[in-house]
Structure formats: structure tokens, C-alpha cells
Ligand SMILES: C[S@@+](CC[C@H](N)C(=O)[O-])C[C@H]1O[C@@H](n2cnc3c(N)ncnc32)[C@H](O)[C@@H]1O
């Protein structure tokens, strides 16, 4: 495992966050940092505040896990998670965080995997993902390479993440921008639940196989923060 100094030579200065009691997350001081959407995604996937009961997953896979924060939040709630990212740097950073996170220890397995080629992988009850969602052809790309890869679709599209996710689980929860949701093609699957972050332009969907109707939900962020024991409120979305 790389130590903090070695990771700072990859990421620059790191900060340490406590996204919930018993969890420690290292992330770059400048560069890609998590926001409200990670709580929204974990809470939506667990059905916190949902109007009807949502199945409680025992196992999950996170595609594009970055710092690992979503996986760690799920693990703290008793879910065994496999966290995958194509960037070995993020996986090493998450390893250091995991070693400092007693509430997730033993429940998160970290691996370098590209969503466009996951190879042989068993399924899970749930897949969660917060994929890069900006089109690099349509706007500026962040100068920091890791931030660019986290925000812009440089190594695959939201559709690539969804296509792979649907091969791995019968419940897939995705957070992404409204225009990406509108363009998703879902052969053999449907949007079973949908909710919006308060800013309106960012949505959460749960995809399930087969045909069916969409339940519109309102996201109760306060209930999610309380249930996940978030120490703070109202962080802006990226
Ligand atoms: C928006 S960030 C999300 C990070 C973390 N899940 C969170 O919510 O804070 C997207 C992540 O996807 C990863 N990623 C981008 N393309 C990928 C690919 N083709 N396969 C796997 N991971 C990828 C990036 O390295 C980045 O960590």
C-alpha cells in the first residue's frame, strides 16, 4: 500500500474527511472532490426516505469509485461492496482511506477495472455509479488530469457505465445530469424510480430489467444525511 507521502506525489496535497462516523476519506485538496451527490446516491440506493420500501442490498458494485466515499457509506450500512476504478491512483488512495476506516474495514474490496472491459465478474444485488458526465467536445476540460477524467467522458460515456452495470445487477442506481438521463438507451430495462437533486439539473435513477412504470420520488436529503450520519449539510454538486 502506498503511504500518504507517495500518494501526495501523485495527487498533490491531500485532505482528510469524515463522511460518516468511522469513515476516513483522503481526497486531493485541489482536483476532484466529492459533493452532495455521493450522499444522494448512497441514500437513494438504500431507499432512505423513499415512499415505498426498496430492497436492502447485501452486495454491491460501484463503477468509477474514485475516493471510495460512496462504497464506504454503503459498507457502513452493512453492504459488502466491490469498488472499481480504471485509475490505479484512486484505488491506492482509497486503500489508504480504507485502512483508516474501521466502519468499512472488511466490507470493501478495491480493484482496478475499466467499465468498458470488466472481464469475468460475478454479479451483485446492486450497482451504483456516479460517472463522468460532461462531453469534452461541448465545453472546457479541467486542466488537472484526474479531475478531467472524473468530470468529462474521456474514457467512456454514461451509456458505457449503464450498459456494464445492467450486466452486473438487477438494480442499478445512477446519478447524472438530466440531459444524459434523457439520452440513455435502455434496451431490456426501464427506469423504476427517479428523483432530482434540489438544484434540479442532476437526477438519480434506479434501473431495473424488463418493462415497467417509473415512480417519481422526491429526494429527502435531510433524512439521508441523518440516516447516514453525515457530519455536514448542503455541499454543492460538482
Ligand atoms: C465523477 S467521479 C466519481 C467518483 C466517486 N464515485 C464519487 O462519487 O465521488 C468518476 C470516476 O469514474 C472513473 N472512471 C472514468 N472512466 C472510467 C472507466 N472507463 N472505467 C472505470 N472508472 C472510470 C474516474 O477515474 C472517477 O474516479
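The values are calculated or read from the model by the stated rules, or taken from the named source; none is laboratory data. These numbers come from a predicted model, not from an experiment. With ideal geometry, Cβ positions are generated from the backbone for all residues, glycine too; neighbour counts draw on all protein chains shown.
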- Task: Give just the number: which of (1) in contact (Cβ under 8 Å) with a residue 24 or more places away in the chain; (2) within 23 Å of residue 141 (Cβ to Cβ) does residue 12 not satisfy?
- Result: (1)
- Query: Checking residue 185 against (1) in contact (Cβ under 8 Å) with a residue 24 or more places away in the chain; (2) in contact with a strand residue (DSSP E or B) (Cβ under 6 Å, 6 or more places away or on another chain), which test does it fail?
  - Reply: (2)
- Item | Filtered residues of the range 136-172 (kept if within 12 Å of the ligand (Cβ to nearest atom), in contact (Cβ under 8 Å) with a residue 40 or more places away in the chain and either within 28 Å of residue 53 (Cβ to Cβ) or assigned to a helix (DSSP H, G or I) (or both)) | 146, 147, 149, 150, 151, 160, 161, 164, 165
- Note on the structure: Selection from the range 207-226 of residues out of contact with any helix residue (DSSP H, G or I) (no Cβ under 7 Å at 6 or more places or on another chain), outside any loop (DSSP other than H, G, I, E, B) and within 24 Å of residue 72 (Cβ to Cβ) yields 222, 223, 226
- Task: Out of the residues in the range 117-135 that are touching a helix residue (DSSP H, G or I) at 6+ places or on another chain (Cβ under 8 Å) and farther than 17 Å from residue 83 by Cβ, state the one that is farthest from the ligand (Cβ to nearest atom).
- Result: 134
- Please tell me if residue 49 is away from the ligand (no atom under 12 Å from the Cβ) and either on the phi > 0 side of the Ramachandran plot or at pLDDT 95 or above (or both). yes
- Query: Out of curiosity, is residue 43 near the ligand (Cβ under 8 Å from one of its atoms) and under 14 Å from the mean Cα position of the chain (by Cα)?
  - Reply: no
- Selection from the range 20-38 of residues closer than 20 Å to residue 79 by Cβ and either out of contact with any helix residue (DSSP H, G or I) (no Cβ under 6 Å at 6 or more places or on another chain) or more than 10 Å from the ligand (Cβ to nearest atom) (or both) yields 20, 21, 22, 23, 24, 37
- Note on the structure: Filtering the range 76-97 down to residues that are part of a helix (DSSP H, G or I) and either near the ligand (Cβ under 8 Å from one of its atoms) or surrounded by 24 or more Cβ atoms within 10 Å (Cβ to Cβ) (or both) yields 90, 93, 94, 97
- Tell me, which residue of the range 184-193 that is surrounded by fewer than 16 Cβ atoms within 10 Å (Cβ to Cβ) and out of contact with any helix residue (DSSP H, G or I) (no Cβ under 8 Å at 6 or more places or on another chain) is farthest from residue 153 (Cα to Cα)? 190
- Query: From 22, 35, 5, which residue is at pLDDT below 95 and surrounded by fewer than 23 Cβ atoms within 10 Å (Cβ to Cβ)?
  - Reply: 35
- Going by the structure shown, is residue 60 in contact with a helix residue (DSSP H, G or I) (Cβ under 6 Å, 6 or more places away or on another chain) and crowded, with 23+ Cβ neighbours inside 10 Å? yes
